[in-house]
Amino acid sequence: MNPFEYRRAMDATAAVALVTEHPGAAFLAGGTNLVDHLKLGVARPDLLVDVSRLPLDTISSLPDGRVRVGAAVRNSDLAADPLIRRRYPMLSAALLAGASGQLRNLATTGGNLLQRTRCVYFQDVTTPCNKREPGSGCSALEGYNRGHAILGASEQCVAVHPSDLAVALTALEAEVQVLGPAGERTIPIGELYRLPGDAPERDTVLSHGDLITAVDLPELPMAACSAYRKVRDRASYAFALVSVAAAVDVADGVIRDVRIAFGGVAHRPWRATRAEQLLRGEPATETAFAAAAHAELAPARPLAHNAFKVPLAASTLVATLRGLTEEGR
Amino acid sequence: MDESITLHVDGRKRSLTVDTRTTLLDALRERLGVTAPKKGCDHGQCGSCTVLLDGRRATTCLTLAVAHDGAEVVTADGLAEGDSLHPVQRAFLDHDGLQCGYCTPGQVCSAVGMLAEAAAGWPSHVTRDGAGRVELTDEEIRERMSGNLCRCGAYPNIVAAIREVAR
Amino acid sequence: MTTELVTVDLLHFHAIGVPLERADGTIKVTGRAPYAFEHPVTEPVYLHPVQATVARGRVTGADTAAARALPGVIAVLTHENAPRMVSGDDPELWVLQSTEIAFRGQFVGAVLAETLEVARHAADLVRMEYENLPHDAELDPRRDDLYAPDVLNAGYPTDTAEGDVDAAPAAVTIDRTYRTPMEHNNPMEPHAVIALWAEPGELLLYDSSQGVHRVRGALATAFGLDPGRVRVVSPYVGGGFGSKGSAHAHHALAVLAAQAVPGRPVKFALTRQQMFSQVGYRTPTVQHVRLSATADGRLTAISHEVVEQTARLKEFAEQTAVCSRMMYTAPNRRTSHRLARLDVPVPAWMRAPGEAPGMFAAEVAMDELAVACGLDPIELRARNEPGTDPVTGRPWSGGRHLVECLREGARRFGWDPRDPTPGVRRDGEWLVGTGVAASTYPRHLLPGNRATVRYTPDGRYSVLIGAVDIGTGTWTTLAQIAADALEVPVGAVALEIGDSDLPQASVAGGSSGMSSWGSAVVAAARAFRARYGEGPPVGAEASAEAPAEPGGDFAADSFGAQFAEVRVNADTGEVRVPRMLGVFSAGKIINPRTARSQFIGGMIMGLSAALHEESVLDPRFGHVVNHDFADYHIAACADVVDIDAAWLEEVDPHANPMGSRGIGEIGIVGAPAAIANAVHHATGIRVRDLPITPDRLLTHGLL
């Protein structure tokens, strides 16, 4: 671990300014991913700016019906919040499906969104990885890629994004509030994450010095009927093989609206827009769910060890929608 | 680079200078001689280093000591008052909820923190949303304790111990 | 055949058999028990190793300037400047003595620094140069360079053959290949040591060890030291499961470092990642099993042929097929072991080496045979029960109670009535099934055990032996044995273990501890009473060695039956195990409370192997790439639901004075097979490769 200077930020603007003027600086919040990477040598900042004590730790209802979640709100507080549980159950469920109780007590909303891939080669500095060291090659492409992407990958990188929270937020069409060197801006979460293309070192569209300050949840009544289903190798405390976040609005057996996002299948949370289009106006039947799932996954390009993810993603989506629509009956 | 910090550990005020790179776990173990929290993986993947940090259960291996200046830390050692054990510790003995003992202090702290979380109505992955009250079924206990790995396989006895305290 | 059995002089059981609370419980639940890295020392030096990034080759240069220039760095050791060792008999310990690299991750240097942080940073700054030679790290049973080792682990012969397997009459034949993956012991406490070179020739180690004398002996030999001046101290050990049974490279590296900074204690704990290359692992296996049987399920032939790996650096030959030599009766029988010598870390002991992977293949094959014959799997096993040990022709010490375990387990588990049809029980989205498998593990009695009993001024009896407690309960159970041997209450016994300055003891491994150490304690207690009677003077002391094999001509094995219920999610392939039951025949149970924890702990490790564990070695690099607890999954609390263990109330009159046979490993044996058999019953899918992860079921046609 390289030596670094530590500074505790007293306000967000000063934190952004400090990081902006230091090319080797990084924000530190809960630390559960960054400190991991410091030890592994994956991250080598020379200045850490601690933003965990900034007053960004509240959950509030906005006048227009939206809900604002401060970036420093801990995962456990967000998951337990009564408003969140009532209006966005999939969000609470996604958080509770991730990590462990003692990690969720540390990890923050902003940090969760910016956690980096769990690709074993990314985490191992003795092996080539384009995300960690651009141009060095992708070890996963021909290596151990059981957990890797089936959609939207490139020759440069086949990693997947590990956040459960981000999958739920993607289905919800949350907006991310960012304070950057040039001021505040709003980024729809669907535009926050990138596909790897030929720049896999960049997970998001954020630039150096950009600080996530809040996440805004839309007023979305159908989100009250939502779920997060995570399939993993152990019953708890494991990253997803595949996950599905879904919300559905069914009336008289017909799907009026639906939101779907997949986790564990791509470099970013995968909004299943094609499946959503196919399902709107359709009867809420197993056949319709399966047809939509297969259409969404038709472009899948599995690797040597992850072909199982294609049928798994499809059947997990079908099961999730089945559960939601049966509940509604 | 060094920074001066103060920690309140098991009721004692401890001031020290730490390398900014020092984790809370290493500060406790190597600098303060507080070895109840254990290092099992050093990457937040086993839970052996769990303490109560400002009242909540937290892993200490993925958090920098310098970021917790002023924090209150309670370890498994501090949960007991001398030879008078915390009820969770007593229950672990009654149910043989340990073998090698290395994960045990983390299990104990996690259990204490978890019981408070459940009492506060926090849901878990397996909670069927009843909005508020949490009944600590065995399934709930198992899910909530899954951040503490035990290679000896004391899980059934750990669950039995916590069930008894929760009752 | 008649055989004269010698009955040992059994203890009168008073303390033995009582479910005493763990003697070290209080200091463990409070975190006050000092593990290796936690012994208070002054002015420690921290060691962080430098590891090879090639799988085979030579070190051609070492640039340590940047590391040495770092404030707080005390020394950087490489092969160029490391102190010289004396013996390379154990190549694993021959560290920094040559330029040769035999596996990726091998230690090629070490940084000694004033703090952990500086040591780790400086190790990162060391630049090693290598001549990179082509390496070979892929286990493939079709290789043409497989070889037969001279002998297997624990001294078993490599191959056996009786009759003619190929010519055996067969109405039904099962001919299948099973695979088990590389697995890592992963005790929760990483291997750790504090080494102090107090003065030339005098070495003190606080170690996390399953055998203080074994480590002392290995290091004394490697460094040419007088064993009497080497002391290894391990009062509390955070698990081992075999990996802490021997000295490994990190011990040698710590001693080299201690010699470089005499008078200062060197602290060295492996990282979790480093444990995947430094301290052994269970070899992956490819097992070809062929069972031939009559239509009514009587075995006519058993063939169990194994391919597994060893390391170029040092041979380890796991005894995987040995279980098939003695489990069932069959006139024609063949077992063999072939090794691929690879450029990989050295495999070694992991809980029930041999039986654990071997009984997966053998007992799944038996289940396949039961299905093929249309027989209940318990009935199939009962029909093939041998009267005497097929290997030696001798009767079993204490009797062979496998069928009793199966029948008692069936009764407790609610096995009958069971519809054998696979894939027909459904509860919502879950497919439900049950499975059974047999278990076995030999009774090992290790030589070289000695104990001392001393009467102390407080009216108690100090009982001294260099045994260790790795979580098995030794602090409690050995005191119970001593109490009964001295015929005093347990409270009158002050046990001292975990220190090589205590009388010589064998390793805590192979389920041998209670038998081996207990026999020595009983011998010392009896010698004490013989000399001093019931009223010894303060300071009275007697020592004795455990006798060699106390019994006569018998086979000594424990048996058990493993039952599992599984649920397989029909949508996702997730496997859950809501229920497991093990029933064991293992002789006298010294302490039912700690014994139950040992049994269920083994069963849970078996569950973990069945569903989760797999070390993925990337042959391009030669190292395990999923080398942490996020990617190498072991069972978590949520995976373990209703698990219970029971045992037959028995006393083995020929085993030892306690009538016990050892219980540390038998719980893991057969558990993966029971789960795999239950998965078949639930789904109709026969998974022959461990672990049974969702992808294995999905690609075998679940969806």
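The values are calculated or read from the model by the stated rules, or taken from the named source; none is laboratory data. Worth saying up front: this structure is predicted, and the values here are computed from it rather than measured. When we count neighbours, we look across all protein chains shown, and the Cβ atoms used for this are built from the backbone with ideal geometry, even at glycine. For the accessible areas, the whole protein counts, side chains as well, though only heavy atoms, and no ligand, DNA or RNA atoms are used. Shrake-Rupley method; radii C 1.70, N 1.55, O 1.52, S 1.80 Å.
Of note:
- Under 5 Å, built H, 5+ apart or other chain: amide partners of A:Val250: A:Arg256
- Mean-position separation - Cα centroids, region A:221-259 and region A:88-139, in angstrom: 21 Å
- For chain B, a Gaussian network of Cα nodes joined below 10 Å ranks B:Arg144, B:Arg128, B:Arg31 by mean-square fluctuation, and the top entry is B:Arg128.
- Positions from region B:135-167 whose accessible area shrinks by 20 Å² or more when the full protein complex is built, not the chain alone, probe 1.4 Å: B:Arg142, B:Glu143, B:Ser146, B:Gly147, B:Leu149, B:Arg151, B:Cys152, B:Gly153, B:Tyr155, B:Pro156, B:Asn157
- Neighbouring partner chain Cβ atoms per residue of A:314-325, average, 10 Å criterion: 2
- Whether region B:2-79 is rounded, prolate or oblate, judged on the alpha carbon gyration tensor where a/c under 1.5 counts as rounded: oblate
- Evaluated over the protein assembly as shown, the count of Lys pairs having alpha-carbon atoms less than 26 Å apart is 21 (only pairs 8 or more residues apart or interchain).
- Residues in region A:259-273 carry Karplus couplings, in order, of 10, 9, 9, 9, x, x, 10, 8, 5, 9, x, 9, 6, 8, 5 Hz; the curve used is 6.51 cos²θ - 1.76 cosθ + 1.60 with θ = phi - 60°, and Gly or Pro positions show x.
- Accessible area of region B:87-166 belonging to carbon and sulfur atoms, whole % at 1.4 Å probe: 49 percent
- Remark: region C:245-251, residue by residue, has Karplus-estimated 3J(HN,Hα) of x, 9, 6, 10, 4, 5, 4 Hz, where x stands for each Gly or Pro and the curve is 6.51 cos²θ - 1.76 cosθ + 1.60 at θ = phi - 60°.
- C:Phe413 accessible area, 1.4 Å probe, all protein chains in place, Å² to nearest 10: 10 Å²
- Whether region A:9-116 is rounded, prolate or oblate, judged on the alpha carbon gyration tensor where a/c under 1.5 counts as rounded: oblate
- Couplings for region C:219-228, taken from phi via the Karplus curve 6.51 cos²θ - 1.76 cosθ + 1.60 with θ = phi - 60°, read 6, 4, 5, 4, 9, x, 9, 6, x, x Hz in order; Gly and Pro are left as x.
- For chain C, the Rg and Dmax computed from alpha carbons only, in angstrom: 25.8, 77
- Relative packing of peptides C:511-523, A:291-303, B:34-46 - highest average C-beta neighbours within 10 Å first: C:511-523, B:34-46, A:291-303
- On association of chains B and A, roughly 3100 Å² of accessible area becomes buried (total for both chains; probe 1.4 Å).
- Sequence-distant residues sharing a close amide H with B:Lys38 (under 5 Å, placed H): B:Cys49, B:Thr50, B:Gly106
- Theoretical ellipticity at 222 nm over chain A - DSSP helices of four or more residues, -39500 (n - 2.57) apiece, nearest 500: -8000 deg cm²/dmol
- Taking amide H as placed 1.01 Å from N in the peptide plane, C:Arg579 has its amide H under 5 Å from the amide H of C:Glu565, C:Asp642, each at least 5 places away in sequence or on another chain.
- Alpha-carbon centroid distance for the pair region C:47-82 / region C:365-402, whole angstrom: 56 Å
- If R0 is taken as 35 Å, the Cβ-Cβ distance between A:Arg256 and B:Ala120 corresponds to a FRET efficiency of 0.45.
- Whole-percent pair-distance distribution, where bins are 5 Å wide, for the alpha carbons of region A:5-49: 5, 24, 31, 24, 12, 3, 0
- Alpha-carbon centroids, region C:130-191 and region B:27-43: separation in whole Å: 40 Å
- Based on C-alpha pairs under 8 angstrom that are at least 6 apart in sequence, region A:225-328 has a relative contact order of 27 percent.
- Over all distinct Cα-Cα pairs of region B:87-166, the Kirkwood formula returns a hydrodynamic radius of 12.5 Å.
- Neighbouring partner chain Cβ atoms per residue of A:124-130, average, 10 Å criterion: 4
- Packing around the peptides C:145-153, C:339-347, taken as the average count of other Cβ atoms within 10 Å per residue, puts them in this order, highest first: C:339-347, C:145-153.
- In the C-A interface, the accessible area buried, summed over both sides, Å² (probe 1.4 Å): 2800 Å²
- Panel note: contact residues of region A:1-32 (accessible area lowered by at least 40 Å² against the chain on its own; 1.4 Å probe) correspond to A:Met1, A:Pro3, A:Phe4, A:Tyr6.
- Counting Cβ atoms of other protein chains within 10 Å of each Cβ in C:253-266 and taking the mean gives 0.
- Contact with the other protein chains removes 30 Å² or more of accessible area, compared with the isolated chain and a 1.4 Å probe, from these residues of region B:77-117: B:Asp77, B:Leu85, B:Leu93, B:Asp96, B:Leu98, B:Gln99, B:Cys100, B:Tyr102.
- Surface per residue (accessible, 1.4 Å probe) for the protein assembly as shown, Å²: 32 Å²
- Buried accessible area, chains B and C (both chains, 1.4 Å probe, Å² to nearest 100): 4300 Å²
- Carbon plus sulfur fraction of accessible area for chain C, probe 1.4 Å, in percent: 50 percent
- Share, in percent, of DSSP beta bridges within chain C that are antiparallel, nearest 5: 75 percent
- What a 1.4 Å probe finds exposed on region B:2-79 is 37% carbon and sulfur by accessible area, rounded to a whole percent.
- Listed peptides C:18-25, B:108-115, A:60-67 by packing density, highest first (mean Cβ within 10 Å): B:108-115, C:18-25, A:60-67
- Cα gyration tensor category, rounded, prolate or oblate, for region A:226-272 with a/c compared to 1.5: oblate
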